[in-house]
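Okay, structure first, notes after.
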Amino acid sequence: REDALTGLPNRVSFEKSVIEAASRRNGDGELFVIMLDLDRFKEVNDTLGHHAGDELLRVVGQRLSALLEPADVLARLASDEFAIVGERAGPDEMLELAWACVGDVGRPVTLDGLEIVVTASAGLAVVEPDAEEGAALRFADIAMFNAKTQRLGVEVYRDEIDRRTPARLSMLGDLSAAIENGGLHV
């Protein structure tokens, strides 16, 4: 399945690509996922209209495609979110690609006669051989969200930035129950 606007694979196809890449890895390199999200994309749509936003998404897809190796897979996951799965020799090469993606997306684009610059945030996660299915996508998404909120450009997933843990979810439930049952005392 593909995204009708960009012709890139969609989320379902991308998730299958990650599973396939993990199953055929040969041990020579490290498998990774990069998630990219455009910063202030809504402003483009709101100011210039959806046709300009659509054109921007097509341009971003083309720019990202030009940076990839033949075995890499680029997808448009949703609205202004793109993802890449690929294999590189090590962390330096993965980071180099992530920064190249952010740099190329940030080059000026002419839309409706106006030259605009839209930046991007990227999250990078290594696909661990023994990880549960979908973990790398979730980790890359967490890293991307941190990159966006901290305005870092690129963030590599680390456990320390993962606030979406089962223990935290449980704690929020416990807190809610304590509030409802009068279990908090000041």
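For the stretch 1-102, which helices (runs of 4 or more DSSP H) that fit wholly inside it have 2 or more residues that are hydroxyl-bearing (Ser, Thr, Tyr) and surrounded by fewer than 18 Cβ atoms within 10 Å (Cβ to Cβ)?
Numbers: elements: 11-23, 41-48, 50-66.
The qualifying helices (runs of 4 or more DSSP H) are 11-23.
Within the stretch 103-115, restricting attention to residues that are open to solvent by 60 Å² or more (accessible area, probe 1.4 Å) and assigned to a loop (DSSP other than H, G, I, E, B), which residue is farthest from residue 53 (Cα to Cα)? Walk me through it before giving the result.
Filtering the stretch 103-115 down to residues open to solvent by 60 Å² or more (accessible area, probe 1.4 Å) leaves 107-108, 110, 112-115.
Adding the requirement that they be assigned to a loop (DSSP other than H, G, I, E, B) leaves 107-108, 112-113.
Details: 107: 16, 108: 14, 112: 10, 113: 14 Å.
Out of the qualifying residues, it is 107.
I need every pair where a residue in the stretch 128-149 that is without any contact (Cβ under 8 Å) to a residue 12 or more places away in the chain has its Cβ under 8 Å from the Cβ of a residue that is part of a helix (DSSP H, G or I), sequence separation at least 6 or different chains.
Close Cβ pairs (under 8 Å, with a partner that is part of a helix (DSSP H, G or I)) amount to 128/135; 128/136.
The values are calculated or read from the model by the stated rules, or taken from the named source; none is laboratory data. It should be emphasised that the depicted structure is a prediction, and the values quoted were computed from it without experimental measurement. In this analysis, Cβ positions are derived from the backbone assuming ideal geometry, glycine residues included, and neighbour counts consider all displayed protein chains. In case anyone asks, the SASA skips ligands and DNA or RNA and just uses the protein heavy atoms, side chains included. Shrake-Rupley method; radii C 1.70, N 1.55, O 1.52, S 1.80 Å.
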